[in-house]
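Okay, structure first, notes after.
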Amino acid sequence: MSRTAVDLWVGIFVTGGQIALLVLALKVGNASSVSETDGYRIVAEFDNIGGLKVRAPVKSAGVVVGRVERVQFDNKKFVGRVTLLIDKHYEFPKDTIGSILTAGLLGEQYVGLDGGGDDQMLKDGEIMKMTQSAVVLEKVIGQFLYNKASEGNTQK
Amino acid sequence: MIKAIDGGIRLIGNQVVNGVWRFGSATRFMGHVVSQTMLGFRRPRLLLDQVFFSGVLSLIIIIISGLFVGLVLGLQGYETLKRYGSAEALGTLVALALVRELGPVVSALLFASRAGSAMTAKLGLMKSNEQLSAMEMMAVDPFARVIAPMFWGGFLAMPLLAAIFSAMGIFGGYLIGVVILGVDTGAFWSQMQASVDLRYDVVNGVIKSVVFGAAVTAIALFEGYDSPPTAEGVSHAVTRTVVTSALAVLALDFVLTSFMFTGF
């Protein structure tokens, strides 16, 4: 094999590898969605975050508008502090309600934002006032059983 | 009786001491290789030849096995996911399995048996033909002229091979899932994109393949350089290269996975 043929093949190989990397990054991965720097952070405090994980999506009206950046425990108020990284293109009013929802019956948990009617918008680092905790199945079942039992008592 | 036990203990001790000894000299060997890197980069032709030797010649086997691994993943994944009514998640399954694990690991194993064994055999034969000694006689450092370019060639080729493997695998999964079994195209790609993260999944996969590339090439070169200069010695060295690098890749994969994917 002559020298130029080696060059050609190495060129083909390296180009092919780079194209494959690019395909993995753009077509397979979500490089085009919210990047780490282009956004602002808002904090939401939940009584119970359920199974919410870091990098879970933040959705408003079903559209992904950000990601969960950090989940901490506030040892003074005994609540879960969730830091949300929101895409800079989207703004939400101050009275936005954040709730932890589940995609499908067994799906991943995500944060849902329901926009309110306030004139002022949430800014970087601000705390969302109104939140709704995750539904914990055991609590729901417990409440259901409790209600059933009290119903039975009143009927007697 | 006591003699047999004594002999057994001696054998084990000998093996352990030998192993540690070899590990030490392998580390010194790699240090020497890395310290002689500059010539390969000053004369890119040397490096280019090695990228051709370890990368381009492994291209066919990587492309074909990537495609078939993707096809099998598509079939098996579809069978299982269909039971839970979530065949659209096939894209996620195929992409995550390939990008995180199968791409780097399987291509490293193929790389070890295709390129690693060839490197060992080449070095072993050069040694037994006294070509390496001849180079030293001509005041050409065989480390700078032959071994370091081989190392960097393999080091550069391996991540590219793993990326090609993963891309071909995903294409194979697409062929089976979308073209033949009729999963919706949009759902296939969008579910994949929703769950594969660039930094968490893709970049970690690339880091894995870089580490595997370095490990496999280092083992192959050391075994070749260290092989006894006989026909039998070279053949044993080639066998040891494939076995050791397969074990090293799998063990390193466990270590890296436990660092990278901690469940967050």
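Remark on A:V79: its backbone amide H falls under 5 Å from those of A:D74, a criterion applied only to residues 5 or more positions apart or on other chains, H modelled at 1.01 Å from N. Applied to region A:49-60, the Karplus parametrisation 6.51 cos²θ - 1.76 cosθ + 1.60 on θ = phi - 60° returns per-residue 3J(HN,Hα) values of 8, x, x, 5, 10, 4, 6, 5, x, 10, 10, 10 Hz, with x for Gly and Pro.
Given the pairs A:K27/B:K208; A:K53/A:K139; A:K59/A:K88; A:K94/A:K139, which are separated by over 22 angstrom at their Cα positions? With Cα atoms farther than 22 Å apart: A:K94/A:K139. Largest first and in whole Å, the equivalent-ellipsoid semi-axes of region B:91-162 read 36, 12, 5, each the square root of five times a Cα gyration tensor eigenvalue. Taking a sphere under 13 Å around the Cβ of B:L132 and counting the other residues whose Cβ falls inside, with K and R at +1 and D and E at -1, yields a net charge of -1.
Can you figure out the FRET efficiency of B:W21 with B:F259, using R₀ = 35 Å and their beta-carbon distance, to the nearest 0.05? Efficiency at R0 = 35 Å is approximately 0.75.
Between B:V210 and B:I9, what FRET efficiency follows from the Cβ-Cβ distance if R0 is 35 Å, with the result rounded to 0.05? Result of the calculation: an efficiency of 0.30. By the count of other C-beta atoms within 10 Å, a proxy for reagent exposure, A:Y90, B:Y225 are ordered fewest to most as A:Y90, B:Y225. Projected onto their three principal axes, the Cα atoms of region B:121-232 cover extents of 65, 29, 19 Å, largest first.
Annotation: amide H-H contacts under 5 Å for A:M130 (H modelled 1.01 Å from N, sequence separation of 5 or more, or interchain): A:G98. Over chain B, what portion of Cα pair distances is larger than 32 Å, expressed as a whole percent? Within chain B, distances greater than 32 Å cover 35 percent of Cα pairs. The distance between label points at A:D118 and A:H89 comes to 2.5 nm (points 7 Å beyond Cα on the Cα→Cβ vector).
Just rank B:W21, B:W189, fewest to most, by other beta-carbon atoms within 10 angstrom. Spell out each step's value before the answer.
Working: B:W21 10, B:W189 17.
Listed from fewest to most nearby Cβ atoms, that is B:W21, B:W189.
P(r) tail, region B:198-264: Cα-Cα pairs separated by more than 18 Å, 47% of all pairs. Against the compact-protein benchmark of 2.2 N^0.38 Å, the Cα-based radius of gyration of region A:91-152 scales to 1.54. Measure out, as a whole number of angstrom, how far apart the alpha-carbon centroids of region B:86-152 and region B:188-239 sit. The two parts, judged by their Cα centres, are 7 Å apart.
Using the alpha carbon gyration tensor of the protein assembly as shown, what are the three equivalent-ellipsoid semi-axes (square root of 5 times each eigenvalue), largest first, in whole Å? Walk me through the numbers before you get to the answer.
On the way: eigenvalues 569, 140, 98 Å².
Gyration-tensor ellipsoid for the protein assembly as shown: 53, 26, 22 Å.
Along the Cα-to-C-beta direction of B:T185, a point sits 7 Å from the Cα; which residues of region B:91-132 have their amide N less than 18 Å from that point? Correct set: B:91-92. Across q = 0.22 Å⁻¹, region A:46-156 modelled as identical point scatterers on its alpha-carbon atoms has Debye log10 I(q)/I(0) values of -1.23, in the order of the q list.
Which semi-axes, in whole Å and largest first, does the equivalent ellipsoid of region B:125-181 have when worked out from the alpha carbon gyration tensor as the square roots of 5 times its eigenvalues? Could the numbers behind the result be given before it?
On the way: eigenvalues 401, 25, 4 Å².
Semi-axes (√(5λ), whole Å): 45, 11, 5.
Taking the beta-carbon count within 10 Å as an exposure proxy, list B:R145, B:R45 from fewest neighbours to most. List each step's numbers first, then the result.
Numbers: B:R145 17, B:R45 12.
Lowest to highest Cβ neighbour count: B:R45, B:R145.
Just so you know, all these numbers are worked out from the coordinates, no wet-lab data involved. Just so it is clear, the structure is predicted and the values come from calculations on it, not from any experiment. Heads up, the Cβs are rebuilt from the backbone with ideal geometry, glycines too, and the neighbour counts pull from every protein chain shown.
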